[in-house]
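Enquirer: The structure is given below, and queries will be raised subsequently.
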Amino acid sequence: EADIYQTPRYLVIGTGKKITLECSQTMGHDKMYWYQQDPGMELHLIHYSYGVNSTEKGDLSSESTVSRIRTEHFPLTLESARPSHTSQYLCASSPRTGLRSGANVLTFGAGSRLTVL
Amino acid sequence: AQSVTQLGSHVSVSEGALVLLRCNYSSSVPPYLFWYVQYPNQGLQLLLKYTTGATLVKGINGFEAEFKKSETSFHLTKPSAHMSDAAEYFCAVSDPDYKLSFGAGTTVTVRA
């Protein structure tokens with residue numbers, strides 16, 4: 001079944017540790033996104049990619065980095081986690097072609113909830 | 001720049017009552033508008049979308065939304081709430097590059 005998977009679902013980690021949040025999709029989507037979600041706040045776009053070897057920063061500045069070496073995989077890395085990074089991170093994807101085919105209808109993963117102590 | 005404002009962070013309704021969630025948008029181009037729903041411990045799912053054409057859009061689970069350009073609104077309604085409608089609902093607008101800007105969400109609770 002075509003889907004989008006995020007691991008880990010929950011992570012509690014100490015300050016200064018390096019973490020990678022994994023995101024994989026089996027739908028063959030070209031576009032992938034990372035959103036940050038905090039209670040009562042808008043979802044903020046922190047990274048996006050329109051294809052392999054393409055990555056861009058989103059509207060919200062983030063100390064995280066991303067890579068897109070394979071179409072299906074879009075991991076997010078924090079080199080040194082801090083308590084301010086505590087949040088839920090949502091990965092999403094969408095197909096590439098024009099709006100009429102649903103270019104910006106996003107399919108979301110279940111999220112990775114990160115807690116940094 | 002595109003932005004969305006959702007009026008009311010929490011809405012409580014009785015089972016069987018009307019659900020009305022308000023969304024106003026700001027867009028520099030003709031907007032594409034979306035409603036997503038998030039159930040506990042899950043990602044967001046598309047409820048419905050407006051791109052062009054008919055301004056009344058029907059979605060899944062009995063929800064519908066009406067695009068009103070003059071009011072820059074895209075309110076979400078359901079005539080009769082069900083317990084399973086308890087969730088968080090997000091309104092979103094697409095920018096010209098097809099990236100979505102989301103509102104802060106409205107949490108719906110349904111009273112038996």
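Any read-out appearing in this document is the output of simple, stated calculations on the displayed coordinates, not a laboratory observation. The model shown is predicted, which means the values in this text are computed figures rather than measured ones. Here the Cβ positions follow ideal geometry from the backbone for every residue, glycine too, while neighbour counts run over all protein chains shown.
Enquirer: Which ³J(HN,Hα) values, rounded to whole Hz and listed in residue order, are derived for region B:20-34 from phi using the Karplus coefficients 6.51, -1.76 and 1.60 in 6.51 cos²θ - 1.76 cosθ + 1.60 with θ = phi - 60°, glycine and proline given as x?
Expert: After applying 6.51 cos²θ - 1.76 cosθ + 1.60, I find 9, 10, 9, 9, 10, 10, 10, 8, 8, 9, x, x, 9, 10, 9 Hz.
Enquirer: With charges only on Cβ, +1 for K and R and -1 for D and E, what is the dipole size of the protein assembly as shown about its Cα centre, in debye, rounded to 20?
Expert: Value, rounded to 20: 80 debye.
Enquirer: For A:Leu106, what residues show an amide H to amide H distance below 5 Å, using hydrogens built from the backbone and excluding near sequence neighbours?
Expert: Those lying under 5 Å, H to H, from A:Leu106: there are none.
Enquirer: Binning at 10 Å from 0, report for region B:15-67 what percent of all alpha-carbon pair distances ends up in each bin.
Expert: Percent of pairs per bin, in order: 20, 51, 25, 4.
Enquirer: May I ask for the distance between the Cα centers of region B:57-112 and region A:5-45, given as a whole number of Å?
Expert: Using only Cα atoms to place each centre, the spacing works out to 24 Å.
Enquirer: How large is ³J(HN,Hα), in whole Hz, for each residue of region B:96-110 in order, when computed from phi with the Karplus curve 6.51 cos²θ - 1.76 cosθ + 1.60 and θ = phi - 60°, using x for Gly and Pro?
Expert: Working through the residues one at a time gives x, 8, 6, 7, 9, 10, 9, x, 7, x, 10, 8, 9, 10, 10 Hz.
Enquirer: Which number comes out as Rg/Rh for the protein assembly as shown once both Rg and the Kirkwood Rh are worked out on C-alpha atoms?
Expert: On the way: Rg = 17.6 Å, Rh = 18.1 Å.
Here Rg/Rh amounts to 0.97.
Enquirer: Oh, and also: Summing +1 for each Lys or Arg and -1 for each Asp or Glu, what net charge is found among the other residues whose Cβ lies under 9 Å from the Cβ of A:Ser112?
Expert: Neighbourhood net charge equals +1.
Enquirer: Once you keep just the Cα pairs under 8 angstrom separated by 6 or more residues, what percentage relative contact order results for chain B? It would help to have the intermediate numbers written out before the result.
Expert: Values: 287 pairs, mean separation 42.7, N = 112.
Over chain B, the number comes to 38 percent.
Enquirer: Kindly flag which residue pairs out of A:Lys57/B:Lys99; A:Lys57/B:Lys69; A:Lys31/B:Lys58; A:Lys31/A:Lys57; A:Lys57/B:Lys49; B:Lys49/B:Lys78 have an alpha-carbon separation exceeding 23 Å in this structure.
Expert: A:Lys57/B:Lys69; A:Lys31/B:Lys58; A:Lys57/B:Lys49
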